[in-house]
1. Can you find, within segment 1-52, the residue that is nearest to residue 69 (Cα to Cα) among those that are surrounded by fewer than 17 Cβ atoms within 10 Å (Cβ to Cβ) and aliphatic (A, V, I, L, M)?
2. Given the residues 99, 118, 175, which is the only one that is under 22 Å from residue 3 (Cβ atoms) and in contact with a Ser or Thr (Cβ under 9 Å, 6 or more places away or on another chain)?
3. For segment 102-141, which positions are without any contact (Cβ under 8 Å) to a residue 60 or more places away in the chain and among the β-branched types (Val, Ile, Thr)?
Amino acid sequence: MTRHIAHLRLHGTLDDERYDGVLALLADITPHVQPFPPDAVQLDLTSALRYFGTDPYDLLQMARMRLMGLYGIASSAGLAGNRMLAAMAAAASEPRRTTQIPRDQAATDSWLRPRPVTALPGIGQATATALGRYGLHTIGQVADLPPATLQRILGAGPARLLAERAHGRDPRPVTPRAPAAHMTADLRHERDCLDPGHHHRAVLGLAEQLGRRLRTEGQVTGRLTLTVRYADRSSTTRTRTLPEPTDHSPDLTAAALGVLASLGLQRARVRAFVLRADHLAPRTGASHQLSLDPGDDRARAVEAAADRARRRFGPTAVLPATLASALAPAAPPAGS
C-alpha cells in the first residue's frame, strides 16, 4: 500500500500541556501520530485521505493551519512516502514551508543524490569521517558503491542500513506512543493552605485535569491515589479503586473528593496535593455499565463537546463552575 507520511517541525517553545494539545489536535485528523518531543511529530495520513476526500498535500496544509489557528504554532513540514524521507524533507524546508518529495524512484533519487551523506538520519560524524576517507561525501556516491565495498568500510549491519537509506527506503511504520503506566497531576501552594474550600477546589481541579488527559490519550483508569503533603513535610496517602475503569471526569471527581473527605483534613496546614491515576488501559477495550439514566448520556455528550472546545480554544475554555472564578486554586494567607 502506498503510504503518505508527514513530518512536522514545530517552531516556538512548547510546554508539555501545549505539546499534548498538539498531539490531540492531530489525532483528530489521523490516529497514526508519533511524537518526537519537544518540537516534532510524524503523521501517517494514508488512512485519513478517503475520510477527508482530499490529497495528502492539502490534508497536511489543513493540519498546519489548525495548529496556527488554534495554538498559534507555526511549522515546517515534509511530505514523502516514508518516515526517513519525510523527516529529511522537513529538515530541508524553510520556516512555514512544506517540501514534498515526489513518489517515483527517479524523482526520489534526483532529490536525494546531491545531498551530503550526513543528511541521512543516523549518520554521525564518525561514520561520515570513515566514508570521507574513501571520497564518499554525497548520498549518490554511497548509493553507487558496490555493497561488498561498503561492507568492508563499515561492517555488514551498518552497510546494509546505509545502502537502504541511500536509496530512499525506510519500512518503519508511524507508531503512536505507548500508553503511560500512570498519570499524575499535582498542585503546590506557595504558602500553607488551611481553608477546606481551597482543598476541595484543588482536588476538583486535579481530577478534571486527569480526566482531560485520559480522554486525550484514549485511556481509562481503574484506581486513584491522593497524596496530601503538609507544612511539616509529612504526608498522607489514600487509594481508592473505582467501580469500573473510566475517563469520565464526574466519576473521577467523585472518587477523588471522597478520598479527600475521608482524610478529615479540616484545618490541616496543606502544602501540596498529588493525584495519580493508575491501572490504566485503552479506552477501546474498557467495559461501561449501561445506565437507564438519560442524564449519564447527556453528561458524557457535554463532556465530549467541552473537550472539543478546549482543543480549539485552549484548556481553560470550559471549566466546572467551581473553578471558573480562577484558572488555578491559590492558597490564602496562613491562618485564614
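The values are calculated or read from the model by the stated rules, or taken from the named source; none is laboratory data. Keep in mind that what you see is a predicted model, and the values were worked out from it rather than measured. Backbone-built Cβ (ideal geometry, glycine too); neighbour counts: all protein chains shown.
1. So the residue we want is 49.
2. That would be 99, the only listed residue that is under 22 Å from residue 3 (Cβ atoms) and in contact with a Ser or Thr (Cβ under 9 Å, 6 or more places away or on another chain).
3. Scanning segment 102-141 gives 117, 118, 123, 127, 129, 138, 139.
Here's the yes/no breakdown for (1) closer than 30 Å to residue 29 by Cβ; (2) among the hydroxyl-bearing types (Ser, Thr, Tyr); (3) in the same structural domain as residue 300 (by TED's automatic domain parsing); (4) in a strand (DSSP E or B):
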position: 199; (1), (2), (3), (4): no, no, yes, no
position: 207; (1), (2), (3), (4): yes, no, yes, no
position: 223; (1), (2), (3), (4): no, no, yes, yes
position: 232; (1), (2), (3), (4): no, no, yes, no
position: 236; (1), (2), (3), (4): no, yes, yes, yes
position: 245; (1), (2), (3), (4): yes, no, yes, yes
position: 259; (1), (2), (3), (4): no, no, yes, no
